[in-house]
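The values are calculated or read from the model by the stated rules, or taken from the named source; none is laboratory data. Note that this is a predicted model, so its numbers are computed, not measured. Positions of Cβ are generated from backbone atoms using ideal geometry, with glycine treated the same way; all protein chains shown enter the neighbour counts. Calculation scope for accessible area: heavy atoms of the full protein, side chains included, ligands and nucleic acids excluded. Shrake-Rupley method; radii C 1.70, N 1.55, O 1.52, S 1.80 Å.
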Amino acid sequence: MEFCPKCGAMMLPNDGVLKCNTCGYSDELENSDAYEVSKEIKAKETVKMLGEEVDMRSTIKETCPECGHDEAYYELKQTRSADEAPTRIFTCAKCKHTWRAYH
């Protein structure tokens, strides 16, 4: 098996020449009997989604002012100067309403 010196892709034999299908580089094939391609595999999706999506956000017991649900996602952001406390931003786990707390 030979790899392209320019891009690193696998080179395939074709009429006495090893050719890279990625960048087009080619090299003379010294012994054509040494190479045999039984099946060419095309690239497919590189990312496989397995199972269901899992929400990894932090949750807290906080009552939503819109629907009254008692669980919310939260994050901290520094919205004011560095010597002041960060702003807590909540998102209701049920209705997705967003609100802030400046504590």
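The numbered conditions (1) under 32 Å from the mean Cα position of the chain (by Cα); (2) open to solvent by 90 Å² or more (accessible area, probe 1.4 Å); (3) of a type outside the set (S, T, N, Q) are all true for Y102 except (1).
Yes/no matrix, rows are residues, columns are (1) touching a strand residue (DSSP E or B) at 6+ places or on another chain (Cβ under 6 Å); (2) part of a loop (DSSP other than H, G, I, E, B); (3) at pLDDT 90 or above:
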{"position": "S38", "(1), (2), (3)": "no, yes, no"}
{"position": "K42", "(1), (2), (3)": "no, yes, no"}
{"position": "G51", "(1), (2), (3)": "no, yes, no"}
{"position": "T63", "(1), (2), (3)": "no, yes, yes"}
{"position": "T79", "(1), (2), (3)": "yes, yes, no"}
{"position": "A82", "(1), (2), (3)": "no, yes, no"}
{"position": "A85", "(1), (2), (3)": "no, yes, no"}
{"position": "T91", "(1), (2), (3)": "yes, no, yes"}
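Scanning segment 48-96 for residues that are open to solvent by 90 Å² or more (accessible area, probe 1.4 Å) and of a type in the set (A, V, I, L, M, F, W, C) yields M49, L50, V54, M56, L76, A82. Does segment 10-36 hold any residues that are modelled with pLDDT under 80 and open to solvent by less than 100 Å² (accessible area, probe 1.4 Å), and which are they? Answer for segment 10-36, where residues must be modelled with pLDDT under 80 and open to solvent by less than 100 Å² (accessible area, probe 1.4 Å): N14, G16, L29, N31, S32, A34, Y35.
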